Amino acid sequence: MSDLRELYQQVILDHSKKPRNYQKLECANRTAEGHNPLCGDQFTIYLKMDGDVIRDIGFEGAGCAISKASASMMTTSVKGKTKAEAEALFEQFHKMVTGETADCPDPAGLGKLTVFCGVCEYPVRVKCASLPWHTLHAALEGKETPISTE
Amino acid sequence: MTFASDTVSKKMGPLRPPALDVENIRRDFPLLTQKIHGKSLVYLDNAATTQKPQAVIDRITRYYQEENSNIHRGVHSLSEKATQAYEAARAKVRGFLNASQDREILFVRGATEGINLVAQSYGRVFIKAGDEIVLSVMEHHSNIVPWQMLCEERGAALRVIPINDTGELGRDEYEKLLNERTKLVSIVHISNALGTINPVKQMIRSAHDRGIPVLVDGAQAVPHLAVDVQELDCDFYVFSGHKLFGPTGIGILYGKAGLLEQMPPYQGGGDMISSVSFEKTCYNTLPYKFEAGTPHIAGGIGLGAAIDYLNGIGMERIAAYEQELLAYATDALSGIPGMRIIGTAKEKAGVLSFILDGVHPHDIGTILDHEGVAVRAGHHCAMPLMQRLGVPATARASLAFYNTKEEIDLLVKGIYKVKEVFA
């Protein structure tokens with residue numbers, strides 16, 4: 001049970017049950033859709049960009065606890081950041097969930113996002129955690145076509 | 001005669017097949033002794049693929065150690081040995097399905113390829129613009145997409161039989177869909193996502209009354225019940241070897257000889273010809289006309305060994321045991337608060353699709369895996385069905401005759417653990 005708690009940490013469960021910024025942004029000037037065809041997870045990310053800065057962010061969709069919590073915590077982490085800062089965070093996050101950073105240190109300022117470090121033990125769940133980030137990336141790039149983890 | 005034997009059986013009471021010795025059967029499957037995360041494996045993903053008995057593993061090994069050579073072309077002894085073993089496997093499949101002739105049994109890669117073969121070969125000749133193909137909302141993607149591709153190519157249309165909320169096909173709706181434009185019915189025998197056993201025999205009769213041929217996707221049916229293609233009177237029947245305790249990469253397309261003879265080859269190459277010149281090629285006879293190239297010889301022979309193994313137990317006994325297990329599991333799962341079983345048809349095989357209040361199926365799958373319980377979570381390659389049911393995904397426990405009531409108890413215990421994590 002202890003190692004299961006590594007994956008399903010209280011913060012993750014809390015965010016999956018009460019996702020933050022879970023709304024369609026009517027004022028959004030960028031949106032993107034992400035889809036994991038293997039498990040049916042599907043999210044839409046809405047961005048209100050102010051120049052290069054993410055002024056506001058919201059998301060809608062359905063998915064497992066990991067993907068939903070990841071989306072929720074991502075929105076709280078990138079709000080107010082610049083595009084470059086958000087992309088850098090994604091890169092660090094991706095390295096962490098794929099196990100490229102050893103023993104979950106926090107050199108990159110991932111902050112609360114380090115609760116997802118347990119995901120690296122579950123290769124099939126890496127896509128769940130990273131789907132919202134891939135979708136954010138697509139929204140930042142202004143990609144029109146829905147992105148897919150496959 | 002019939003009357004007399006009825007009287008006898010009444011006097012003797014219903015003939016019940018002797019119960020399965022499951023503990024002994026489990027010893028035939030080496031993989032089942034594995035530990036997963038330190039727990040005994042509870043393998044409940046049999047609708048995805050089944051485990052292999054030692055007899056199948058040994059038969060494949062023996063083929064490669066003692067018989068390996070190419071078939072249908074060598075004059076040497078080894079080639080003859082391999083050819084004999086491969087053709088003997090075909091005869092075993094014929095017997096298993098009770099087809100009338102070996103040449104009606106085509107080796108393919110799996111149920112998917114069987115359906116694609118019919119779509120491409122039968123479809124290209126017999127399906128024209130404006131024609132209709134009837135299938136159901138509970139089909140696996142493999143019995144949707146090949147027809148969609150064909151319809152696009154030919155300008156034909158798909159018509160879809162709806163289901164009710166328990167997961168049973170609408171019989172009246174089906175009858176209404178059949179008309180003079182209908183050129184084929186392609187229907188699943190047992191639903192992989194719901195477990196529903198469809199009344200294919202009656203559906204085939206209705207289609208035949210209007211002269212419409214019927215393909216039955218039996219991928220989930222052959223592991224669970226005795227199938228008799230002559231009794232069903234289906235025109236095509238497909239299944240995959242790996243879901244029948246045999247190897248991956250091998251499957252069967254049964255087709256009535258009269259239809260197969262009218263159909264053009266699916267692929268061109270060696271073995272499917274009787275003579276080739278640059279001016280004209282003459283195709284081989286059935287079944288070889290449809291078997292281009294060197295086939296999966298070991299796979300075919302391994303499938304034959306799986307059928308021998310199943311015949312040794314008896315499909316009637318397997319079906320009876322699985323029904324008992326399904327009833328036990330349905331009862332056990334129904335008692336869990338927040339649990340909803342998806343697919344509650346009256347006629348059902350050992351598939352338990354379910355959702356749990358407030359927990360995504362993917363999370364159920366991960367936590368159960370921690371308890372050593374292997375289930376599938378997702379849309380089960382049946383996205384239109386999931387949409388009809390209004391769920392993005394389900395968790396699915398699917399049974400085989402080597403599963404036990406104790407394993408069902410472990411599944412239930414695992415589900416309570418899921419609830420604990422998400423409490």
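The values are calculated or read from the model by the stated rules, or taken from the named source; none is laboratory data. On a predicted model such as this, the values are computed, not experimentally measured, just so you know. Please note: Cβ atoms are built from the backbone with ideal geometry, for glycine as well, and neighbour counts cover all protein chains shown.
Quick notes
- Among the conditions (1) more than 10 Å from every other protein chain (Cβ to nearest Cβ); (2) in a helix (DSSP H, G or I), A:Ser16 misses just one, which is (1).
- Among the numbered conditions (1) assigned by TED's automatic domain parsing to the domain that holds B:Val373; (2) touching a helix residue (DSSP H, G or I) at 6+ places or on another chain (Cβ under 9 Å); (3) without any contact (Cβ under 8 Å) to a residue 40 or more places away in the chain, the only one that B:His37 does not meet is (3).
- Condition met for B:Glu104 (in contact with a strand residue (DSSP E or B) (Cβ under 8 Å, 6 or more places away or on another chain) and charged (D, E, K, R)): yes
- When residues in the stretch B:64-98 are screened for being under 21 Å from B:Leu286 (Cβ atoms) and either not β-branched (Val, Ile, Thr) or not assigned by TED's automatic domain parsing to the domain that holds B:Gly293 (or both), 18 of them pass.
- Test result for A:Leu25, buried (at least 18 other Cβ atoms within 10 Å of the Cβ), more than 14 Å from every other protein chain (Cβ to nearest Cβ) and over 15 Å from the mean Cα position of the chain (by Cα): yes
- Inspection of the stretch B:182-189 finds no residue satisfying the criterion of being surrounded by fewer than 24 Cβ atoms within 10 Å (Cβ to Cβ) and either under 30 Å from B:Ala395 (Cα atoms) or touching a Cys at 6+ places or on another chain (Cβ under 8 Å) (or both).
- The stretch A:29-44: number of residues that are part of a loop (DSSP other than H, G, I, E, B) and touching an Asp or Glu at 6+ places or on another chain (Cβ under 8 Å): 2
- Candidate set from the stretch B:204-223 (those that are more than 8 Å from the chain's Cα centre (by Cα) and among the charged types (D, E, K, R)); member that is surrounded by the fewest Cβ atoms within 10 Å (Cβ to Cβ): B:Asp209
- Where a residue in the stretch B:311-333 is in the same structural domain as B:Tyr416 (by TED's automatic domain parsing) and its partner, wherever it lies, is of a type in the set (S, T, N, Q) and outside any helix (DSSP H, G or I), with Cβ under 7 Å and at least six apart: B:Leu325/B:Asn403
- Screening the stretch B:382-423 for residues that are within 13 Å of another protein chain (Cβ to nearest Cβ) and free of Cβ contacts under 8 Å to residues at least 40 places away in the same chain and picking the one that is nearest to B:Leu135 (Cα to Cα) gives B:Gln387.
- Counting only residues that are without any contact (Cβ under 8 Å) to a residue 12 or more places away in the chain and not acidic (Asp, Glu), the stretch A:19-56 holds 1 of them.
- Complete set of residues in the stretch B:73-91 that are in a helix (DSSP H, G or I) and surrounded by fewer than 19 Cβ atoms within 10 Å (Cβ to Cβ): B:Ser77, B:Leu78, B:Ser79, B:Glu80, B:Lys81, B:Thr83, B:Gln84, B:Glu87, B:Ala88, B:Ala91
- For A:Gln10: the one exception among (1) exposed (fewer than 15 other Cβ atoms within 10 Å of the Cβ); (2) within 14 Å of chain B (Cβ to nearest Cβ); (3) touching a residue at least 12 places away in the same chain (Cβ under 8 Å): (3)
- Flag not set for B:Gln230, criterion: buried (at least 20 other Cβ atoms within 10 Å of the Cβ) and under 30 Å from B:Val56 (Cα atoms).
- Across the stretch B:26-64, the qualifying residues are those that are in contact with a Lys or Arg (Cβ under 9 Å, 6 or more places away or on another chain) and hydrophobic (A, V, I, L, M, F, W, C), and the one among them that is farthest from B:Val373 (Cα to Cα) is B:Ile60.
- Identity of the residue in the stretch B:328-381, within 12 Å of chain A (Cβ to nearest Cβ) and within 22 Å of B:Leu225 (Cβ to Cβ), that ends up surrounded by the fewest Cβ atoms within 10 Å (Cβ to Cβ): B:Cys381
- Top-ranked residue of the stretch A:45-76 - restricted to ones that are within 14 Å of another protein chain (Cβ to nearest Cβ), touching a Gly at 6+ places or on another chain (Cβ under 9 Å) and part of a strand (DSSP E or B), ranked as farthest from B:Ala377 (Cα to Cα): A:Gly61
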